[in-house]
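Working notes, beginning with the structure itself.
Every read-out reported here was derived from the displayed coordinates using simple, explicitly stated rules and does not represent laboratory data. The shown structure was predicted, so the numbers you read here are calculated from the model rather than taken from an experiment. All Cβ positions, even for glycine, are placed from backbone atoms using ideal geometry, and neighbour counts span all protein chains on display.
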Amino acid sequence: MLDLALKLARLQFSLVAVCEAHVGPASRESASMNAPARLLGRVDYVSTVEAMRAFTDARNADTPDEIWLCEHPPVYTQGVAGKAEHVLDARGIAVVRTNRGGQVTYHGPGQVVAYPLVDLQRLKIYVKEYVYRLEQSIIKTLEHCGVTGHRVAGAPGIFVRLNDPFGHAALRRKVTEPGCFDGLGKIAALGIKVSRHCAYHGVALNVAMDLRPFDGIDPCGHKGLRAVDLSTIDVQIPWDEAATTLGEKLTAYLSA
């Protein structure tokens, strides 16, 4: 428990509140996601993953779910399916192997990263439904900005039409189809880990970034896939507003 406290302290959490959420009587009064998401600001990626893992290992059936919202200093992260050949030129940026699903992606300033720490068993949903709800939260966050987000079947995450990001025409594509990403930009990535029915890691929404590091990888393992952010499509929104909106949508979609 001491290690968990130290890790959470690095992320500016209240140790008392965290311990009460794990073992105190308050946790038995309500285990729903009724607390606001935690805005952490810019935090180290590795420390954050360690804290998520420690939180998940320590939680029990009464532990309330949480959502952590943050951004990271520049870092490439490789999921469990990640292949070295998808890192084309790291350009001096650290490449961190992690235990989430998926392949390589980039995190950096100007991106909202959301880490829902959720008991799927208590929500009575399976992983497929959980991924759908995460993606739907991104879609609704984009809708707040007037942007239409799309899914590509078999490619987790959310995409926008580069020539018409505000149009509402349906997109029906599968990752197995040739040219499935033509005319699209990926604006949000997704990768999760589930341990003892409890999920961690999460989603990353590109708001106003330096997108050049994406050129050093095949994003999510897809050669030639273009990464975009809201500023690329002429949507200007403060990071705090984007983070708060995403937190609200996640809270709504992940409440029992």
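On the beta carbon distance between Tyr132 and Arg91, with R0 = 45 Å, the FRET formula returns roughly 0.85.
Full extension of the segment from Leu162 to Val46, taken as 0.36 nm per residue of separation minus the current Cα-Cα distance, would add 38.5 nm. Principal-axis analysis of the Cα atoms of the chain puts helix 127-144 at an angle of about 70° to the longest axis.
One chain, two ends: Asn60 and Asp215. Fully extended at 0.36 nm per residue, the span grows by 51.7 nm beyond their Cα-Cα distance. For the chain, the spread of Cα positions along the three principal axes, ordered from largest to smallest, is 54, 39, 33 Å. For Lys223, the lysines whose Cα comes closer than 18 Å to its Cα, not counting residues fewer than 8 places off in the same chain, are Lys83, Lys174, Lys186. In degrees from 0 to 90, rounded to the nearest 10, what is the angle of the helix 45-58 Cα long axis to the longest principal axis of the chain? Helix 45-58 sits roughly 40 degrees off the main axis of the chain. At 4 °C and 1.567 mPa s, grab the translational diffusion coefficient of the stretch 47-120 from Stokes-Einstein with a Kirkwood Rh over Cα pairs, rounded to a whole number in µm² per second. My calculation gives 94 µm²/s for D.
If you take the beta carbon distance between Arg196 and Asp240 as r and set R0 to 25 Å, what does 1/(1 + (r/R0)^6) give as a FRET efficiency, to the nearest 0.05? For R0 = 25 Å, the calculated efficiency reads 0.15. Considering only Cα atoms, the convex hull volume of the stretch 186-248 works out to 99 Å³ per residue. With N the number of residues in the stretch 92-186, Rg(Cα) / (2.2 N^0.38 Å) evaluates to 1.22. Measure nothing but the geometry: give the 0 to 90° angle between the long axis through the Cα atoms of 239-253 and the longest principal axis through the Cα atoms of the chain, rounded to 10°. Once rounded, the angle reads 70 degrees.
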